[in-house]
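The values are calculated or read from the model by the stated rules, or taken from the named source; none is laboratory data. Model, not experiment: these values are computed from the prediction. Please note: Cβ atoms are built from the backbone with ideal geometry, for glycine as well, and neighbour counts cover all protein chains shown.
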Amino acid sequence: MKKILIITCSSFTAIVLLFALFSTFDIVPELSKSIVFQLFTMSMSIALLMFISERAEDKLDISSLTVDALIRMLICYIVVFVEGSLFRMFPFSWKAIASISPVLIPTFVITYVIGYFTIVDCANKINKSIKRKY
């Protein structure tokens, strides 16, 4: 649950800030209440699907960071493309994939790095706790 919350909050914060920045250049629509809620829905959907994919990766014993990053990136593109089309943020077309990339890629990198360092921090705390017991 903690991981879902971290992914949702970090991705939502990053995407809202990028939307605010890019809306000044007319790259993305102006932020409104409905867009903010749509972005939150996308962030939550992505976090839940990443949680599910992580469980599947554990069962399949996939431990490659590259494969993990590619799966997570694919999840992001699918969710943003499908939900963005359903919310009518952009048309359901191949051109939309190119138009979402300037916001999606930096948001993904920021969120992935935050998630990675959070996991490393938790692992270090667990290792210190184990060392103290022995």
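May I ask you to say which residue of Met73, Met44 is modelled with pLDDT of 90 or more, in contact with a Ser or Thr (Cβ under 6 Å, 6 or more places away or on another chain) and surrounded by 13 or more Cβ atoms within 10 Å (Cβ to Cβ)?
Just one listed residue meets the conditions, Met44.
Does Lys59 satisfy the criteria of being modelled with pLDDT under 85, exposed (fewer than 12 other Cβ atoms within 10 Å of the Cβ) and either charged (D, E, K, R) or farther than 20 Å from Ala96 by Cα (or both)?
Against the criterion (modelled with pLDDT under 85, exposed (fewer than 12 other Cβ atoms within 10 Å of the Cβ) and either charged (D, E, K, R) or farther than 20 Å from Ala96 by Cα (or both)), Lys59 does not qualify.
Looking only at the range 8-40, which residues are among the β-branched types (Val, Ile, Thr) and loosely packed, with under 15 Cβ neighbours inside 10 Å?
Thr24, Ile27, Val36
For the range 1-105, list the helices (runs of 4 or more DSSP H) that sit wholly inside it and hold at least 1 residues that are touching a residue at least 40 places away in the same chain (Cβ under 8 Å), in contact with a Gly (Cβ under 9 Å, 6 or more places away or on another chain) and more than 20 Å from Gly115 (Cβ to Cβ); which are they?
Correct list: 33-59.
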